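To keep things clear, I will list the structure first and then write my remarks on it.
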Amino acid sequence: AYGMSALPLNLIKGTTSAAYERLENTEDIEEVEQHLLRIKSKCRDGRPLSSRDRRTVQQLEERLRTLRRRERHLESIEKSWWTKFCEAIRPLKIVWGVFFIIVALLFTVSLFLSNLDKALHSAGFDSGFIILGTNLTNPLNMLLPVLQTVFPLDYILITTIVMYFIFTSMAGIRNMGIWFFWIRLYKIRRGKTRPQALLFLCMILLLIVLHTSYMIYSLAPQYVMYGSQKYLVQVRCHTSKKKISLSKMYLLFAFLLDQCIVTRTYLFLHKFWFFSAAYYFGNWAFIAVFLIGLIVSCCKGKKSVIEGEVDEDDSDMSDDELSVYYR
């Protein structure tokens, strides 16, 4: 949910200029060096530094090492051909960002209408918020049954939806890292990700794919329940109200008498109602996290061109491999 908002807005806003960041970094280095000289000048007459000054010197030296590592990264990125290529395709990135945010809003609106339909017309928590028909239609719910009549258009759209969730999820995990509650376990960075972090990433992606197979039920319930199957109503009615009530009644009969065969996915959710209830509340949480992530991504400024590449708790061991990625 966070990646669905972070990825498009990062593509639209872009990153800061490497030359501008390098200039700011050079000014920070000079400021830290001057501060160090002022503190070390206190012990020129042979007097030892106080414990407070020693702690300050240690912090400033760590800060200086980090800034110099940033300087090396920024210098390599500024001279790389990849940076020049990214600047050339900047308009294409903006187009893709606008497209991704429109798709994200389409999914969120479809999910909201589906959950609202369950909240208004289902039997409640004890039934898992399952409804046999759809009273509030959404764009995906109308589109997929139509595409199913022409093979394989519905499969192409489902594959596109799954791949979209995977790409946006990877973008969200890369921005946030892997956390255990408030403890950050691993960072996801190009060429420097730990093997344990890659295993966690694969596990998270597998769970996301598993969830997506049931999230389609909320995005397009008619497609997941019955597909393009139709049931025949052979009753003559004279009033519109009676026709509507009989239509809903025959939909229930069609389900109970197996006139329309339901899919295995829907049957699983129908038999084990607590799974359906968990997904119902999970979808509301999904919508809430998407909206919060959208607000946060809009308020944040441009990302650094070396976002996540250099942190204070990193070592200098991997800096020798910069030429492999930024030549």
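A short reminder: the numbers here are calculations on the coordinates, not readings from a lab. Please read all numbers here as calculations on a predicted model, not as lab measurements. When we count neighbours, we look across all protein chains shown, and the Cβ atoms used for this are built from the backbone with ideal geometry, even at glycine.
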Can you find, among SER110, SER122, TYR186, the residue sitting farthest towards the positive end of the charge dipole of region 85-202, where Lys and Arg contribute +1 and Asp and Glu -1 at Cβ?
TYR186
Averaged across orientations, what area in nm² does the convex hull of the alpha carbons in region 71-124 project?
6.3 nm²
For LYS303, distant residues with modelled amide H under 5 Å away:
THR16
Can you compute the modelled spin-label distance between THR26 and THR193, with each label point 7 Å from Cα toward Cβ, in nm?
3.5 nm
Beta carbons within 10 angstrom, averaged per residue: use that to sort the peptides 175-185, 212-222, highest first.
212-222, 175-185
Apply the Karplus parameterisation 6.51 cos²θ - 1.76 cosθ + 1.60, with θ equal to phi minus 60°, to every residue of region 72-88 and state each ³J(HN,Hα) to the nearest whole Hz, in sequence, with x for glycine and proline.
5, 5, 5, 5, 5, 5, 5, 8, 7, 6, 5, 5, 5, 5, 5, 5, 6
Could you work out the per residue convex hull volume over the alpha carbons of region 69-202, in cubic angstrom?
201 Å³
Gain upon complete extension [ILE102, PHE85; 0.36 nm per residue less C-alpha separation]
3.5 nm
Taking H placed 1.01 Å from N in the peptide plane, check which residues at least 5 places from TYR186 or on another chain put their amide H under 5 Å from its amide H.
ILE178
Over 18 Å (Cα to Cα) among LYS13/LYS300; LYS79/LYS187; LYS79/LYS300; LYS13/LYS192 -> LYS79/LYS187; LYS79/LYS300; LYS13/LYS192
